Amino acid sequence: MSPRLRAILLRLVQAIPVVIGVVVISFVLTRALPGDPAVYFAGAAADEESIAQIRTSMGLDKPLPIQFLQYVADLLQGDFGQSVYSGQPVAEDLANRLPASLELTLTALILSCAIAIPIGVLAAKNPGSFVDQLCRILVTAGVSLPTFFTGILLIYVFYYLLGLAPSPLGRLDFLYIEPDNVTGFYLIDALIAGDWETWFASLKQLILPAITLALFTLAPIARMTRAAMLSALSSDFIRTARAAGLSDHKVTYGYAFRNALLPIITTLGMVFSFSLGANVLVEKVFAWPGIGSYAVEALVVSDYAAVQGFVLAMALLFVTLNLVIDLTYSVIDPRIGFDTK
Amino acid sequence: MLSIKDLNVSFNTRRGRVDAVCGVSLEVAKGQILGIVGESGSGKSVTSYALMRILDRGGIIRQGEIIYSGIDLRNASEQQMTEIRGREISMIFQNPRAALNPIRKVGHQLEDVLRQHAQATRYTAKEKAIEALEAVKIRDAAERYDAYPFELSGGMCQRVVIAIALACNPRLLIADEPTTGLDITTQKAVMDLVLELIRDREMSAILITHDLGLATEYCDQISVMKNGEVVEKGTPQKIFSSPEHPYTQKLVKATPSKGSSIRDLLPDGGNLPLAPRQISEFPLLAVQDLKKTYKGKSGPIDAVNGVSFKIFEGQTVGLVGESGCGKSTTSSMLVRLLDSSSGRILFNGDDLTEISAKAFAKDPRRTDIQMVFQDATDSLNPRFTARQSIADPLKQLVKLRGSALNSRIEELADLVGLPIHLLDRFPHQLSGGQKARVGIAKAISVNPKFLILDEPTAALDVSIQAIVLNLLADLRAKLGMSFLFVSHDLQVVRLLSDYVIVMRDGEIVEQGPTEIVMGQPSSDYTRTLLSTVPKPPSGLTAA
């Protein structure tokens, strides 16, 4: 086995305790929530007896350790439980809603990287210039404008005033039929189906929420790019490269940018995980059927299974993300050895 | 070949314009090696950056003319400059490890340069890069091609930097402090290599250094710079034997050389005789078979392997060796910041190894053993004023408070020659010499019997080093302290020490009275160390 492959496996093994921890904590925390799901489920007109009946049928009358064991046993079979709120199996809900959130977040991140990184690099190359000022304004605006505000503003301008954007109601206008589910990403699924009309329609739905989220994630990425590039450009090896007559392009992109990538990737990872959880507001404003709004709704009604499912799905996502970032590090920077651990 | 006339360079900073170079004129003839000597801030590096047009942001050539082989470098286009850099004029830098791209294989970095200047195609690049590595005498060049800078030693990195600089056969090489940060034996090897390559290829060179001894040994002509101006030019012989400018005289005096005594380093030194000292028969510190073993990746590493020596009351012992020889580990164990693996440290007859390094902070003998650290800047808390820094050990160890504390701090400032009004400044507002004084005041504040000096002058300019060394000599006479003086610089150790210990690979190679170890060394290693010290031109001694 190659050392790198072994290192990756080792990292995966190291993630197991994290996942176990998350299972335990999410279980305990949801039980600690105020509110009784049996009462909610039984409805307003239910009497004591029917509530007790429902409690028994949900297994909530058993002691906590037994409930936990039951929960773990179900999990091992891939059963996340039944959502009280939606009436569907949680696994199915997640499978429907997670791609929506991922599609939104990823599009927003690609968009903000495409803007923030070039601006950060240019700003670092010419401190005090017009681009640098623009960078500063963008960063300040991105940090200080809350997403629900920019979201509503964008809707007001592009939907209400200009009529360019479709109504902000979900992933696809009701005129269109959802593409066959392959990846769950409408843009990709529509492409696979070769249905350009649907592709375009879902892009139109996606663009405003993605811009809203991108404006928000732009700030940390642009700021980190600028700072990392500034410090890379002022390091000794850049002077050596310049003194050896390497072209400006090679020095900036081949030498400085690659060295600046490490902090940028770190920030990117943080922003990604952060915005996956924090895009609830955007999802609410645009009626986006994502995982964030799902979790909030489930939380409000003490929907144990749904909340646990959400927390677990997020934890797995974070673990994967961290692994990917770590691996990216080792590709970029040879000094970060995996084998030392 | 290169002529610089009346060069003026200034930097636009937030606090206004700073003139770094004022009216410098230099000439380098074909095949000549010009030395530019000066202390930090003299503008010697800025001059070379200006001629390469790689000044940092905000740096502007205000005035003057730089002509290289008929090309006006000041007004050349950026495109032309890219062709000249590396191809006609190239540079090597201090701190070679930082001078290489940390995440790119050294072979690829070489290829970048070769291909930039069309010296190789994609197909021949690797072969040519390996050739270039072989030219700087790197063993197993083909294997080193795939190495990253962090996998190479400092000397090896400097060889790679030289290989990059010389890959395209430039005609002028600028070496900016090429040996700073390297071990002495490596320094010698690197300088000899550079000299040999320059002679073989009939190149010209500019050697920028703070070390007058190094410049006199390797250069044909020397220009001495101070505050952005050239104060004196001449052959090494002339500069060394009959310096005309007062600054050059001061510099020549401050450079420790074979026959000089510690007072000779000062401009008006001879007038102040050294106070007599008493070295008692009583061993203050006895180290017996001291060992420190670290767990390494491939088995245990003996950082210090069975070291034994004695330091008598009032005596100064010099500890010499190259990086990695265990001298810092030894001093850390003696000052009780590090636990030893085995062996005994007898201080006044008590075994200190019985108390763990952690517990020693509360031991009453903590005040008896103190340390002056290498980098005066990094070892001071940046958020503490000089007064707070000096007060810190007094408050912690002697529980001094109020007016007693203040009068003690002022007494100490007076003792180390730090003006009282500087006491309320922060480290960044103090000069290197002043910071060194704060570090010394801090260490002697609690009246230690034994002081460990870990390269106390390594980061200082020679003229400041001269003053600090004399200060230390006066202090030990006045306060009757014993010193352990740790350094890689043999000349400096010789000036201050009564007894010298030479370490290598965790073991003592040789120890004895200074005159004997320095005069008639018994081990080959000591002889090698002594032979690597740059010497002024033969038959000359400092004026």
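The values are calculated or read from the model by the stated rules, or taken from the named source; none is laboratory data. Note that the structure is predicted; figures quoted are calculated from it, not measured. A quick note on method: Cβ atoms are made from the backbone with ideal geometry, for glycine too, and the neighbour counts reach across all protein chains shown. Just so you know, the surface numbers come from the protein's heavy atoms only, side chains and all, with ligands and any DNA or RNA stripped out. Shrake-Rupley method; radii C 1.70, N 1.55, O 1.52, S 1.80 Å.
All conditions in (1) in contact with a Lys or Arg (Cβ under 6 Å, 6 or more places away or on another chain); (2) open to solvent by 20 Å² or more (accessible area, probe 1.4 Å) hold for B:L418, with the sole exception of (2). Applying the criterion of being of a type in the set (D, E, K, R) and surrounded by 14 or more Cβ atoms within 10 Å (Cβ to Cβ) to the residues of the stretch A:167-221, the residue that is modelled with the lowest pLDDT is A:D173. Give the residues of the stretch A:246-258 that are more than 7 Å from chain B (Cβ to nearest Cβ) and of a type in the set (S, T, Y), sorted by residue number. The answer is A:T252, A:Y253.
For (1) modelled with pLDDT of 90 or more; (2) touching a strand residue (DSSP E or B) at 6+ places or on another chain (Cβ under 6 Å); (3) polar (S, T, N, Q); (4) over 15 Å from B:L460 (Cβ atoms), each residue gets a yes or a no:
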{"residue": "B:D375", "(1), (2), (3), (4)": "no, no, no, no"}
{"residue": "B:F384", "(1), (2), (3), (4)": "yes, no, no, yes"}
{"residue": "B:R401", "(1), (2), (3), (4)": "no, no, no, yes"}
{"residue": "B:I409", "(1), (2), (3), (4)": "yes, no, no, yes"}
{"residue": "B:H428", "(1), (2), (3), (4)": "no, no, no, yes"}
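Of the helices (runs of 4 or more DSSP H) lying entirely inside the stretch B:38-132, those containing at least 3 residues that are more than 9 Å from chain A (Cβ to nearest Cβ) span B:44-52, B:106-116. Taken together, A:V143, A:V139 contain a single residue that is open to solvent by 80 Å² or more (accessible area, probe 1.4 Å) and not small (G, A, S), which is A:V143. The single condition among (1) in a helix (DSSP H, G or I); (2) open to solvent by less than 70 Å² (accessible area, probe 1.4 Å); (3) out of contact with any Asp or Glu (no Cβ under 9 Å at 6 or more places or on another chain); (4) under 19 Å from A:Y85 (Cα atoms) that A:G35 does not meet is (1).
If you go through the stretch B:168-194 and pick out every residue that is within 14 Å of chain A (Cβ to nearest Cβ) and open to solvent by less than 20 Å² (accessible area, probe 1.4 Å), you end up with 9. Out of curiosity, is B:R425 on the phi < 0 side of the Ramachandran plot, of a type in the set (D, E, K, R) and in contact with a Leu (Cβ under 7 Å, 6 or more places away or on another chain)? No; evaluated as a whole, the condition is false for this residue.
If you go through the stretch A:133-168 and pick out every residue that is over 23 Å from the mean Cα position of the chain (by Cα) and outside any helix (DSSP H, G or I), you end up with 6.
Tell me which residues, restricted to the stretch A:89-101, are open to solvent by 30 Å² or more (accessible area, probe 1.4 Å) and either modelled with pLDDT under 85 or closer than 13 Å to A:E283 by Cβ (or both). Walk me through how you get there before you give the answer.
Residues of the stretch A:89-101 that are open to solvent by 30 Å² or more (accessible area, probe 1.4 Å), as a first pass: A:89, A:91-92, A:95-98.
Scanning the stretch A:89-101 gives A:R97, A:L98.
All conditions but one from (1) modelled with pLDDT under 90; (2) surrounded by 17 or more Cβ atoms within 10 Å (Cβ to Cβ); (3) under 32 Å from the mean Cα position of the chain (by Cα) apply to B:I92; the one that does not is (1).
If I filter the stretch B:451-461 for residues that are buried (at least 21 other Cβ atoms within 10 Å of the Cβ) and farther than 26 Å from B:L212 by Cα, do I get at least one hit? Walk me through it before giving the result.
Start the filter on the stretch B:451-461 by keeping residues that are buried (at least 21 other Cβ atoms within 10 Å of the Cβ), which leaves B:451-454, B:456-457, B:460.
Going one step further and asking which of them are farther than 26 Å from B:L212 by Cα, we end up with B:451-452.
Yes; the residues of the stretch B:451-461 include at least one that is buried (at least 21 other Cβ atoms within 10 Å of the Cβ) and farther than 26 Å from B:L212 by Cα.
Number of residues in the stretch A:223-245 that are within 8 Å of chain B (Cβ to nearest Cβ) and closer than 13 Å to A:I119 by Cβ: the value is 0. Here B:S403, B:S389 are screened, and the one residue that is small (G, A, S), outside any loop (DSSP other than H, G, I, E, B), over 24 Å from B:F312 (Cα atoms) and open to solvent by 50 Å² or more (accessible area, probe 1.4 Å) is B:S403. Selection of the stretch A:292-334 for residues being within 14 Å of chain B (Cβ to nearest Cβ) and closer than 20 Å to A:L268 by Cβ yields A:T328, A:Y329, A:S330, A:V331, A:I332, A:D333.
Evaluating A:S302 against the criteria (1) over 17 Å from A:T150 (Cβ atoms); (2) part of a helix (DSSP H, G or I) leaves one unmet condition, (2).
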